[in-house]
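The values are calculated or read from the model by the stated rules, or taken from the named source; none is laboratory data. Because the structure is a prediction, the values reported are computed rather than measured. Glycine also receives a Cβ, built like all others from the backbone with ideal geometry; neighbour counts cover every protein chain displayed.
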């Protein structure tokens, strides 16, 4: 019997031959696919391998939210490494920014930019100069009210108010002359000046001419007093010496307080001059003022 007939009649042999043919076919298919992938990879240009690592730089970012007008501390700043080059205006890690003032709000994680920081608190605006618990209140002034323009930002001043007599007017008898009942009072003491005119800082000894308003730091209660006093009367300022925080007695002063006491005259305590001069009495309604003139 021929060999091929034996194979066809033996199922085991037939299955073995079929399995061998299937494996051979799979091997051929795999070789063909691998060859195509290799050929395609050879045709595709490969990116050049980087010989160096990516260059980075260290800059400063906000460690937490920073409000406008706040002076930076070490806890507000952290160092962050970013890919070079750094954004234009970013502050490098080796630059000292402690104590610099934020001129705008800065969010946590935001890059610190040179345009957002300054050394002068005034650069952050008037609101940044207001102490905690106080308000900035504007007062209309003339150059005389601010001592010829020599009032400076940061000065401390006492505020006086002069009230017209009609506020204190009383019913008078028929035929009685109307007396001037104007009064003055020390309204507020040791008040901080925040701005003079449009300036938030006034260095040097040069007079600030042309200012028509000043901004004062006042508590809410003091703001109410200033508002009423400015509405009814006239305000005047007296500059305090730096470091002088003494509180003076405050009371209403009227024309009777301008009369000289016994043994005194308007020019001083020179009794010889008073006795040698002329005695003049000035009548204003029911008020009488006595002065002495030289011969």
Q) Are any of the residues in the range 162-174 under 19 Å from the mean Cα position of the chain (by Cα), surrounded by 14 or more Cβ atoms within 10 Å (Cβ to Cβ) and modelled with pLDDT of 85 or more? A) no
Q: Could you tell me which of the residues 248, 227 is under 44 Å from the mean Cα position of the chain (by Cα), at pLDDT 65 or above and not in a helix (DSSP H, G or I)?
A: 248
Q. Is there a residue being in a helix (DSSP H, G or I), modelled with pLDDT under 70 and either touching a helix residue (DSSP H, G or I) at 6+ places or on another chain (Cβ under 6 Å) or over 20 Å from residue 126 (Cβ atoms) (or both) anywhere in the range 276-294?
A. yes
Q | Pair list, Cβ under 6 Å, 6 or more apart: the range 53-77 residue without any contact (Cβ under 8 Å) to a residue 12 or more places away in the chain, other residue surrounded by fewer than 19 Cβ atoms within 10 Å (Cβ to Cβ) | A | none
Q) Could you list, in sequence order, the residues of the range 105-127 that are at pLDDT 80 or above and buried (at least 16 other Cβ atoms within 10 Å of the Cβ)? A) 106, 111, 112, 113, 116, 117
Q.
Conditions first: (1) farther than 22 Å from residue 148 by Cα; (2) at pLDDT 85 or above; (3) assigned to a loop (DSSP other than H, G, I, E, B). Residue 242 passes all but one, so which condition is the exception?
A. (1)
